[in-house]
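J.: The following block contains the structure, expressed as C-alpha cells.
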Amino acid sequence: MEDQEYWESDPELLDFDRDRHIYYLLMMYQLLPSPYQGQEINRLTLAYFVISGLDILRALDRIDKEAVINWVLSLQAHPRNDSTLEKGQFYGFHGSRSSQFQSNNNGAAILNGSHLASTYCALAILKTVGYDLSLIDSELLLKSMKDLQQPDGCFMPIHTGGETDLRFVFCAAAICSMLGNWNGMDREKAKEYIVNCQSYDGGFGLIPGSESHGGATYCAVASLKLMGFIEEDLLSKKASCHIINVPLLLDWSLQKQAQDGGFQGRANKPTDTCYAFWVGGVLRILGADTFINESALRGFLSTCQSETSN
Amino acid sequence: MNRGVEEERARIPMSQRPEWADIRPVPQYDGPNPVVPIAYTDEFSETMDYFRAVYLADERSPRALQLTKEAIFLNSGNYTVWQFRRLILDALNVDLHEELHFVDQITKDNSKNYQIWRWVAEKLGTQIASKELEFTREIFSQDAKNYHAWSHRQWVLQALGGWENELAYCDELLEDDIFNNSAWNQRYFVVTRSPLLGGLEVMRDSEVAFAIKAILAKPENESPWRYLHGLYKNDVNSLVNDPRVASVCLDVLLDKRDCVHALNMVLDLLSHHHQPSNELKDAVDAVSPDPKPSDSNFAERVCSILQLVDPIRASYWRWRKTSIPAQD
C-alpha cells in the first residue's frame, strides 16, 4: 500500500496531519532554532528524535542517509594511542562537538567526553538508517562501557562521573542489544539494581527509593526485556515473573491513563504526550497494550497536535 | 537560564574585552555535512569559542573560571564545562561555600545538575546537610513535586543525615496537598529507612491509621491507597487480615463516593482469599449502576462493576475476571 493510502485508510488517523509533521521534522533536520542551543551537549539526541520521527512517518527517504552516517561516525571517540586506554575512559560517542576536542600536545585537560546516552542515540540512528552495526569498532566500546558499571549494578554515563540511575542502565542494555554483544555489562548486577528500583506502588523510580515515574518504569522494564529477564508477552501466556511484581506494575501502569485519555507519568500529575510512549511502551512489553483505551488516547493526542489553519 | 534582552545588549563581546586580547578563539568544527545544526546566537558561539581555547590550553585561571560561569549560564547541561570548572576550583583553592551558592542558583533555573551539587556537598561534608535540606524545601515551596530535587533530598538524608524532622515535613506537605504523590513517596522513604524510627513494622500501625484518614477524606486519591497497600509489602496476608483495610473499603462504598480504588482493593483482598462480610457484598452491589451485573461469584461481580464505574479500563477489568483464583 502506498504511504499516503496507509495514512488515509484509517478514519481515526484523518485528523493526524502527517505531511505537516514530516515538514516540521525536516525543518528541524535542516536547522534547530536558537533556543535549542541550551541543549547543545545533547545534539545527537535531538537528531535521534528527528530521524526516528521521520522513520515512523515513513519519510526517511527525504534525508541524506550517507550524510547522517558520516556525521554520526565522526562523533565516535577513538583513543589517541594505547596509553590513554589505561585511564579507564569510555570510548563511545559524543553527543556533540562541545565534548569532543581535537587532540593536541598539552594533554592534561583533554578528556574524552563521550557519553552513554549519546552512544545509545548514535547506534539507534545508525540502525534506523540501515547502517550495518557490525562495522562499528565495538570491542573497545563495550569493554570500556563495562567500566562505567557501578558495584550496585547501575551505570555512570561518563567516566568522569555523573548521576547514576536507570536511564543509563537502559542505555547500556540497548547498546549491548543493538551490538549483539553482552560483554559490555554484568546483566545480573543490572537486574538487581532494577529490582531495587521497584516502588511500593508497582512502578519504578530512577533510583531506589525514588517516586515511581513513567520514564523510569520504561527504562526498567525495557532493560529487563532486552537482557532476557522478561518473557515475551508475559500476560497472554500467563507466565509468572518472579523478579518483579508484575500484577502491581500492571495495575499502576494502567491507572496512569487519566480521564482525558492521556497518560500521566506519576499519580496525580497532569497527562503528557511523552508518557503515551513511556507507559504505553511498558504495557506493550508486558503484552497488556490491549488494555489501553485506544480511542481515548488518540483523542488526547490529537488535542496535542498544533492547530493549523486551512 | 533566561536573560533579558537588555542584559544581552549590555554584554560586551569577548573580542572587545582587553583582558582576553591574548586569546585566539577556537571555532567549532562540525564537519562537511552536519546534521541538525543549531542556529547558535553570536553570544553562544563566541563564549564557546573562547572556552575551547582555554580548555585546549588547560588554563586554570580566575578568568577561565569566570568564563566557565558564562558558558554554564548558556548551556548548564554541558558536563565538559562543569568538569573543567571543577579542575579550576581545585587549582585555585576556591571557597566552596561560594561555589555551593552558585550551583544552587543554577539549579533553581535548571533542575538537572545535582551531580555537581554532590561533588561540592561531599567536599564540604555534613555541615551543609541542613542547608541543602533548606534549599530543597525552598524549591518545593514553588514546585512540590520536583523530581530531581526529591532525589537530591533523599541523597542528602542518606549521605549527610538530618532525618529528625523529615516525617513532620511530609505531614506538612500532605496538609498542603493530600494528592502530592511525591510527599507520599517521601513518607514511605522515611518510614522504611530513617535510622531514628525503627523501620516499617514498628511504624506500620500508625501509618495505616494515617493512610486511612487520608482515604476517607478523598477516596478518589490514588496515593493513600497505594501507600496503604505498600505498608504491607512482602506481607500481603497481613493486609488481608487487617480488619481496617476491608473496613475502609466498606466505609467508602457506603458513602457512595468515588469508589474505583475501593473496589480495586476489595478485588485484591478477594484474590488473596479474603472472606467478605455480607455487609461488604451489599455495599458493593449498591454502588453498581443499572443494569446490575449478575455474576454469582462475588469477585467476578466486582470486576463487572468495575467495568461499569471505570469504563476507561473496562478491558482490564474484564481480563481481571479471568485471573481470579478459585473461590470457595
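The values are calculated or read from the model by the stated rules, or taken from the named source; none is laboratory data. None of the values given here were measured: they were computed from a predicted structure. Positions of Cβ are backbone-derived with ideal geometry, glycine not excepted, and every protein chain shown enters the neighbour counts. When the accessible area is computed, the model is the full protein with side chains, heavy atoms only, and any ligands, DNA or RNA have been set aside. Shrake-Rupley method; radii C 1.70, N 1.55, O 1.52, S 1.80 Å.
J.: Would you point out which residue out of B:I72, B:I88, B:I116 is at pLDDT below 85, assigned to a helix (DSSP H, G or I), more than 9 Å from every other protein chain (Cβ to nearest Cβ) and in contact with a Lys or Arg (Cβ under 9 Å, 6 or more places away or on another chain)?
T.: B:I116
J.: Go through (1) surrounded by 13 or more Cβ atoms within 10 Å (Cβ to Cβ); (2) touching a Pro at 6+ places or on another chain (Cβ under 8 Å); (3) away from every other protein chain (no Cβ under 12 Å) one by one and return the number of the condition B:I23 breaks.
T.: Of everything listed in (1) surrounded by 13 or more Cβ atoms within 10 Å (Cβ to Cβ); (2) touching a Pro at 6+ places or on another chain (Cβ under 8 Å); (3) away from every other protein chain (no Cβ under 12 Å), B:I23 misses just condition (2).
J.: Something else now. Taking B:L167 as meeting all but one of (1) open to solvent by less than 60 Å² (accessible area, probe 1.4 Å); (2) farther than 23 Å from A:T164 by Cβ; (3) within 14 Å of chain A (Cβ to nearest Cβ), write down the number of the exception.
T.: In the conditions (1) open to solvent by less than 60 Å² (accessible area, probe 1.4 Å); (2) farther than 23 Å from A:T164 by Cβ; (3) within 14 Å of chain A (Cβ to nearest Cβ), B:L167 misses (3) alone.
J.: Ok, one more. Of everything in the range A:30-61, what is of a type in the set (K, R) and modelled with pLDDT under 95? Give them in sequence order. It would help to see each step written out before you state the result.
T.: Taking the range A:30-61 as the starting set, the residues that turn out to be of a type in the set (K, R) are A:43, A:58.
The one that is of a type in the set (K, R) and modelled with pLDDT under 95: A:R43.
J.: What number of residues within the range B:46-69 are surrounded by fewer than 18 Cβ atoms within 10 Å (Cβ to Cβ), facing another protein chain (nearest Cβ under 9 Å) and not in a loop (DSSP other than H, G, I, E, B)?
T.: Within the range B:46-69, residues that are surrounded by fewer than 18 Cβ atoms within 10 Å (Cβ to Cβ), facing another protein chain (nearest Cβ under 9 Å) and not in a loop (DSSP other than H, G, I, E, B) number 2.
J.: Continuing with this model, one more query. What helices (runs of 4 or more DSSP H) lie completely within the range A:193-310 and have 1 or more residues being more than 23 Å from A:A173 (Cα to Cα)?
T.: Helices (runs of 4 or more DSSP H) meeting the threshold: A:246-255, A:273-286, A:294-303.
J.: Scanning for something open to solvent by less than 40 Å² (accessible area, probe 1.4 Å) and touching a strand residue (DSSP E or B) at 6+ places or on another chain (Cβ under 7 Å), does the range B:282-300 turn up at least one residue?
T.: no
J.: I'd like the full set of residues that are surrounded by fewer than 18 Cβ atoms within 10 Å (Cβ to Cβ) and of a type in the set (A, V, I, L, M), limited to the range A:137-175.
T.: Result: A:L140, single match.
J.: B:S277 fails exactly one of the following numbered conditions: (1) buried (at least 21 other Cβ atoms within 10 Å of the Cβ); (2) more than 24 Å from A:Q198 (Cβ to Cβ). What is the number of that condition?
T.: Failing condition for B:S277: (1).
J.: Taking the range B:271-328, which residues are assigned to a loop (DSSP other than H, G, I, E, B) and of a type in the set (A, V, I, L, M)?
T.: Selection gives B:I324, B:A326.
J.: Then there is this: Could you tell me how many of the residues in the range A:18-49 are open to solvent by 20 Å² or more (accessible area, probe 1.4 Å) and hydrophobic (A, V, I, L, M, F, W, C)?
T.: Adding up the residues that qualify gives 6.
J.: If you don't mind, there's one more thing I want to ask. What pairs come out if I take residues in the range A:241-252 that are surrounded by fewer than 19 Cβ atoms within 10 Å (Cβ to Cβ) and pair them with residues that are of a type in the set (A, V, I, L, M) whose C-beta lies under 7 Å away, six or more apart or interchain?
T.: So the pair list comes out as A:C241/A:I230; A:C241/A:L234; A:I243/A:V195.
J.: Output the residues belonging to the range B:30-41 that are over 15 Å from A:P35 (Cβ atoms) and either open to solvent by 10 Å² or more (accessible area, probe 1.4 Å) or more than 9 Å from chain A (Cβ to nearest Cβ) (or both). Spell out how you get there, then give the answer.
T.: Going through the range B:30-41, the residues over 15 Å from A:P35 (Cβ atoms) turn out to be B:30-35.
If the condition is that a residue be over 15 Å from A:P35 (Cβ atoms) and either open to solvent by 10 Å² or more (accessible area, probe 1.4 Å) or more than 9 Å from chain A (Cβ to nearest Cβ) (or both), then B:D30, B:G31, B:P32, B:N33, B:P34 are the ones that fit.
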